[in-house]
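Q: Here it is, the structure in full.
The values are calculated or read from the model by the stated rules, or taken from the named source; none is laboratory data. Note that this is a predicted model, so its numbers are computed, not measured. Cβ coordinates were reconstructed from backbone atoms using ideal geometry, including for glycine residues, and neighbour counts include every protein chain displayed. Quick note on the areas: whole protein, heavy atoms, side chains included, nothing else; ligands and nucleic acids left out. Shrake-Rupley method; radii C 1.70, N 1.55, O 1.52, S 1.80 Å.
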Amino acid sequence: MTDIALNPAAGASARPARRDIGLKRRYAAERRFKLYGIAAIAIGLFFLIALMYSVFSNGYTAFWQTEVNLAINLDPKIIDPDNKRATDPNVLLTANYPILARNALAEKLGVPSTNKPAMRELGKLFSEGVRGQLRELVAGNPSLIGTTQNIWVLTGADIDSAFKGQIDLSVDQTRRKVSDQQVEWMNKLKGEGVMAQRFNTGLFTYGASSRPETSGLGVALIGSLYMMLIVLCLSLPIGVAASIYLEEYAKKSRLTDIIEVNINNLAAVPSIVFGLLGLAVFINFFHMPRSASLVGGMVLTLMTLPTIIIATRAALRAVPPSIRAAALGIGASKTQMVFHHVLPLAAPGILTGTIIGLAHALGETAPLLLIGMVAFVANSPVTPLDPSTALPVQIYMWANEAERAFVERTSGAIIVLLIFLAVMNITAIILRRRFERRW
């Protein structure tokens, strides 16, 4: 201190040095903060990529199904041995159709029908779902009886997994579900071009089944569609009406403050609570049908309403007060001001909030489990009152199955759900950018 006091020039030179040190520390801290941010983004991207890789690597094969093309002789001796179909059409529904497919496959591979063990092994190559496939074909057109038809039939789940390389065929056959003889037949059929992977339309059309190869998302897709329509028809008008009243008409008071706080709290309530509410009110009190899309849609409406109300109020607040003042200044009533001027300008924000709320509702599982939408439903629902299920619930059900092939189906269903969610969120972004106005 004495040297600096005696030599002012030395003190003047020391102060910039200290400032330089402080600036270097601040710049270093800023660089560290940027690195922390980049590291956080990198970690998030890593887990996102790992998740996407896990889902897509396990699920993309679900969109392809192994099938075998057979020249099936619709033998009347097996379908209608007593020639009763003219008086009893039900005969066509009870015939032993898998024998027809087995005989056609045995003829194709040159297996004698007297070799019973080989015939049993042969019957495991194709799915038991061939029964329904041939039954629908014959019942829909009985004139085909006695003819030979080239038909693509599904293989069994184990053969499908082996064909896709999901089963290690190098281990001893006692440790796998596919025998060496079946592998030999499979390779022979593959070499002849009659066994191949084809696009799995059944994934989008079949209902619930205990066999993986005949399980699909048909019921879940229709159920989810019904529920989303119900949520849209109920939550949008109710949410927008409540938002308009609270934002434009209601006077600020203790009551409105309590309502606002409760709306914000409801948006953070766990979804399973809404399932309990739906179970208690809609099913136990009003005795509405369990597993129905109508009940599921009403439960998801309760869950979506707070999100839509909050988004709508934010969109209404974003409209400048000058718009309201100008409308009132030219003689418009308050209702005309709201519906002719404010609401159209707030529509992009309202649509965005609604689509995001619907996307959130589409991915919910817990509330639907409590109202019974986890039921085994094989037939597609015709009305919202029919038993149904939903996409996330179907994923949950398949994830609990022990069959190896259901792992593939589970990941495939997740891919379908992710595509729907991505489309809905992209639509929200496009609408917001398309109609957004900057004030």
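Q: Using helices alone, what [θ] at 222 nm do you get for the chain, with -39,500 (n - 2.57) per DSSP H run of 4 or more residues, divided over all residues and rounded to the nearest 500?
A: Roughly -20000 deg cm²/dmol at 222 nm, from the helical runs in the chain.
Q: Of Ser170, Ser54, Ser224, which has the largest mean-square fluctuation in a 10 Å C-alpha GNM of the chain?
A: Ser170
Q: Full-extension gain between Tyr36 and Ser179, please, as 0.36 nm times their residue separation minus the C-alpha to C-alpha distance.
A: So the chain would gain 46.0 nm between Tyr36 and Ser179.
Q: Can you find, among Val138, Gln182, Gly329, the residue farthest towards the positive end of the dipole of the chain? Put +1 on the C-beta of Lys and Arg, -1 on that of Asp and Glu.
A: Farthest along the dipole direction, towards plus: Gly329.
Q: In a GNM of the chain with a 10 Å cut-off on Cα contacts, which of Ile310, Ile414, Ile21 has the highest mean-square fluctuation?
A: Per the Cα network of the chain with a 10 Å cutoff, Ile21 tops the list.
Q: Which one, Ser293, Ile238, Ala318, projects farthest toward the positive side of the charge dipole computed for the range 197-334 from Cβ point charges (K/R +1, D/E -1)?
A: Positive-most Cα among the choices belongs to Ala318.
Q: Hey, got the dipole for the chain? About the Cα centre, +1 on K and R Cβ, -1 on D and E Cβ, debye to the nearest 20?
A: 2080
Q: Where the only charges are on Cβ atoms (+1 Lys, Arg; -1 Asp, Glu), what is the dipole of the range 305-425 about its Cα centre, to the nearest 20 debye?
A: 700
Q: How far, in degrees from 0 to 90, does helix 180-192 lean away from the longest principal axis of the Cα atoms of the chain, to the nearest 10?
A: Between helix and principal axis, roughly 80 degrees.
Q: Over its Cα atoms, what ratio of radius of gyration to 2.2 N^0.38 Å does the chain give?
A: 1.47
Q: Give a quick list of trypsin sites (Lys or Arg not before Pro) in the range 134-189 that DSSP marks as loop, anything other than H, G, I, E or B, with at most 16 other Cβ atoms within 10 Å.
A: Sparse-neighbourhood loop trypsin sites (Lys or Arg not before Pro): Lys164, Lys177.
Q: Using heavy-atom solvent-accessible surface (probe 1.4 Å) with all chains present, what is the largest-first order of Met298, Met337?
A: Order by accessible area, largest first: Met298, Met337.
Q: Trypsin sites (Lys or Arg not before Pro), restricted to the range 249-286: which are DSSP loop and have at most 11 other Cβ atoms within 10 Å?
A: Within the range 249-286, the qualifying trypsin sites (Lys or Arg not before Pro) (loop, at most 11 other Cβ atoms within 10 Å) are Lys251, Lys252.
Q: Could you pull out the GluC sites (Glu not before Pro) across the range 327-416 that fall in loop regions by DSSP (anything but H, G, I, E, B) with no more than 14 other Cβ atoms inside 10 Å?
A: Taking the range 327-416 and a limit of 14 other Cβ atoms within 10 Å, no loop GluC sites (Glu not before Pro) are found.
Q: On C-alpha positions alone, give me the angle between the axis of helix 97-109 and the longest principal axis of the chain, in degrees, nearest 10.
A: 80
Q: Among Val111, Thr66, Pro98, whose Cα projects farthest towards the positive end of the dipole of the range 63-137, with charges put on the beta-carbon of Lys, Arg (+1) and Asp, Glu (-1)?
A: Checking the options against the dipole of the range 63-137, the answer is Val111.
Q: How would you classify the range 247-351 from its alpha-carbon gyration tensor, with a ≥ b ≥ c the square roots of the eigenvalues: rounded for a/c under 1.5, else prolate if a/b is greater than b/c, otherwise oblate?
A: prolate
Q: Still on this structure, please answer the following. Rounded to the nearest Å, what's the spacing between the alpha carbon centres of the range 349-408 and the range 145-193? Just the number, please.
A: Distance between centres, Cα-based: 33 Å.
Q: Over 19 Å between Cα atoms, which of Lys116/Lys190; Lys164/Lys188; Lys124/Lys188 qualify?
A: Lys116/Lys190
Q: May I pose another question? Report, in degrees rounded to the nearest 10, the 0 to 90 angle that the Cα long axis of helix 8-59 makes with the longest principal axis of the chain.
A: 20
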